[in-house]
Every structure is written in C-alpha cells, then in structure tokens.
Amino acid sequence: MDFVAIGHVTLDETAGGTRPGGAAYYAALTARRLGLRVALLTSFGPDLPAGAIPPEIAVVNVPSAHTTTYRLDEGPRGRALALRARAADLEEGHLPGDWRQAPVAMLCPVANEVDPRLAGSFGDASLGVAPQGWLRARGAGGAITAQPWEDADLVLAHTQSLVVSAEDVEPFEKEAIEWFHQVPVAALTRGSQGAILFVNGERYRIAPDPATEVDATGAGDVFAATLLIEYQLEGNPWDAAAAAACAAAASVEAVGPAALPDRAALDARVRAYRRRQGG
C-alpha cells in the first residue's frame, strides 16, 4: 500500500439527504484519485450503503452495530454538528502488519475513535494528522463541543504534516501555535480565504484557488491529504500547499467527492494557479 487512512467513515445527515463522509473517507478517496494504492482502517455498521467505499480501496472494518452518524445543520452562525451514533474504537492492534510498511499514513479521527498510539506504528512513513476528532466532545443530545487535545505531544512526536481548521482550533489558539512548532509542516485552513502554512514554525499565506462552491463538505480533509501526499513526493512544502489549495477548491465544485481531481486535472489546475500567482 502507498497510503493508509485511519478513522471512521461516517453517515452525514444533511438537508439534501444522508451520504457517506468523514475525514478518512475523503482522505482515502483523494489518495486513490491521485493514483495511489490505498488502504483504510475504519469501523462501520450494516447501515453504511453498499458500494460507499470503492472496491479499489483495501478496507479493514472493525465490526460495529452502527456507523458513526452526524447531523449537519447550517445556520446563520455556521455549521452545527450533532453526533447521533458512534462506531467502534480503532486500536493499535487493529492495524495489519503489512500496512505498517506504507510510506504515507494519515490519522483522521472524527469522534475521538483513533488510538493515539497508532501514530508510532508506521516506522519511517510520512505521517499526516487531521486531529479534529480529538478536539471534539459529545454533549447533551449529541451536540458537539470543543475539548483540549490531551495526547497532542504523543502524536506530534511522529507527525510530518498537521492540518487543522480555524474553526476547530478557535478555542485553543495558544496551544495550536505550539503544535505548529512541533512538526515540519502544518496548515491552518480558512475555507474560501485560503490557508496559513507553517514550515518549521514560520508562517506563510496560501492564497485560495477560485472555485464555484456547491458543497464544501470534506474540503479540509482533501487539503490535508493532498498536502501530505505532495510533500512526501517532492519534499517542497510550498508546492505541496499550492496543490492542496487547488485540490480543495476542485472538491467543493460538486456534491460530496464527485469533483475530486485526478492527477492530470490537479496538475493542470496547479499550473493555472501558479500563473495567477505570478509563477
């Protein structure tokens, strides 16, 4: 395998209907569209629709009675999440031995389901982390509230690429700055405003790629997966961030993962992006 994603595939209940989602889902699909051999360690129940995960992606499913399910409500103050069901935890012992040799891996918790010890399971792999699920607590009625990332130091000791959204770290700005200084590459995503890239703790603005937004769900996860993949391939964080911005922009131009770019489409979009940015 070239790329291993770890985290729950979810069912997202939206105004337009219920569909598969989750950071690991979008990361795995992004990697597959970019031509990598992809594996996914996850947990879901029989309520996940057949065919939700493409057959080209190798899957280890930790059995569960229910798939992790979120209700997504859009309001004047932004998106509100409620956790309606949760699948099983993903432990270090669930990871197949041969997957530990993958050159790229990504931890993608959405409901505090990923064992932090998995960060140390990949040897010399480039490890990416999208920690949103470690920053969430389930409150009354399933309402999602912020919580501190208790195992940050344990995970970041093995991390090459960290991506968080401005929304997720708003209550933890001081802590987030410390996280960004502990990893080679990090990014703070800001939706249509682009991102802030941190390279060895130094800040750089990443301009957004223009897009006609249809559905922004998963865009941050697409950004995180693309940043990790491109950084592992070329070792240039600025080029990787440009590609990540372009992939994320492409992803919002259709519902769900339908607009995820393949390698040729991403390369073409990056060339156009660079021309607009003056090279």
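Read-outs throughout are calculated quantities, based only on the coordinates presented, and are distinct from any laboratory measurement. In this text the structure is predicted, and so the values were computed from the model without any measurement. As a convention, Cβ positions derive from the backbone with ideal geometry for all residues, glycine included, and neighbour counts pool all protein chains shown.
Compute the distance from the alpha-carbon center of the stretch 206-241 to that of the stretch 27-67, in whole Å.
21
Karplus couplings for the stretch 212-225 from phi (6.51 cos²θ - 1.76 cosθ + 1.60, θ = phi - 60°), rounded to Hz, Gly and Pro as x?
Per residue, the Karplus-derived 3J(HN,Hα) values read 9, 6, 10, 7, 8, 4, x, 4, x, 6, 5, 4, 4, 5 Hz.
Using a Gaussian network for the chain with springs between C-alpha atoms less than 10 Å apart, which of these wobbles most: 217, 30, 69?
217
Which whole-number percent gives the relative contact order of the chain, counting Cα pairs below 8 Å spaced six or more residues apart?
On the way: 639 pairs, mean separation 42.9, N = 279.
Relative CO of the chain lands at 15 percent.
Subtract the Cα-Cα distance of residue 47 and residue 62 from 0.36 nm times their separation in residues, and report this length gain in nm to one decimal.
Gain on stretching residue 47 to residue 62: 4.0 nm.
Going 7 Å from the Cα of residue 238 in the Cα-to-Cβ direction, what parts of the stretch 192-220 have a backbone nitrogen less than 20 Å from that spot?
Residues passing the 20 Å test: 194-210.
Of the DSSP beta bridges with both residues in the chain, give the percent that are antiparallel, rounding to the nearest 5. Please list the in-between numbers first.
Working: 26 of 54 bridges.
Approximately 50 percent, going by the DSSP bridge assignments.
Rounded to the nearest 5, what % of DSSP beta bridges with both residues in the stretch 53-150 are antiparallel? Mind dumping the intermediate values first?
Working: 11 of 16 bridges.
Among the beta bridges of the stretch 53-150, antiparallel pairing accounts for roughly 70 percent.
For the stretch 205-248, which GluC sites (Glu not before Pro) are in a loop by DSSP, counting at most 16 other Cβ atoms within 10 Å? Numbers along the way, then the final one.
On the way: sites: 213, 230, 234; in loops: 213.
Here the GluC sites (Glu not before Pro) that fit, given the DSSP loop and packing criteria, are 213.
Taking the Cβ-Cβ separation of residue 204 and residue 167 as r and a Förster radius of 25 Å, what is the calculated FRET efficiency to the nearest 0.05? Don't jump to the answer; show the numbers that get you there.
Numbers: r = 21 Å, r/R0 = 0.83.
For residue 204 and residue 167, the calculated efficiency is 0.75.
Please compute the length gained on full extension between residue 258 and residue 143, using 0.36 nm multiplied by the number of residues separating them and subtracting their Cα-Cα distance. Let's see the in-between values first.
Values: separation 115, 0.36 × 115 = 41.40 nm, distance 2.87 nm.
Net length gain for the segment: 38.5 nm.
Could you pull the Rg and Dmax for the chain, using just the Cα atoms, both in Å?
According to the Cα coordinates of the chain, Rg and Dmax are 17.1, 53 Å.
If I stretch the segment between residue 265 and residue 150 completely, what's the gain in nm (0.36 nm per residue apart, minus their alpha carbon distance), one decimal? Could you put the intermediate results ahead of the total?
Values: separation 115, 0.36 × 115 = 41.40 nm, distance 3.92 nm.
So the extension gain works out to 37.5 nm.
Going by how many other beta carbons lie within 10 Å of each one, how would you line up 192, 43, fewest first? Could you put the intermediate results ahead of the total?
Values: 192 14, 43 22.
Ordered from fewest to most neighbouring Cβ atoms within 10 Å, 192, 43 come out as 192, 43.
What does the net charge come to around residue 98 if you take all other residues with beta carbon closer than 15 Å to its beta carbon, with K and R at +1 and D and E at -1? Don't jump to the answer; show the numbers that get you there.
On the way: positive: 37, 100; negative: 2.
Taking every other residue near residue 98 into account, the sum is +1.
Pick out, in residue order, every one of the trypsin sites (Lys or Arg not before Pro) in the stretch 23-84 that is DSSP loop and has at most 15 other C-beta atoms within 10 Å; say none if there are none.
Numbers: sites: 32, 33, 37, 71, 77, 79, 84; in loops: 37, 77.
In loop regions of the stretch 23-84 (DSSP not H, G, I, E or B), the sparsely surrounded trypsin sites (Lys or Arg not before Pro) are 37, 77.
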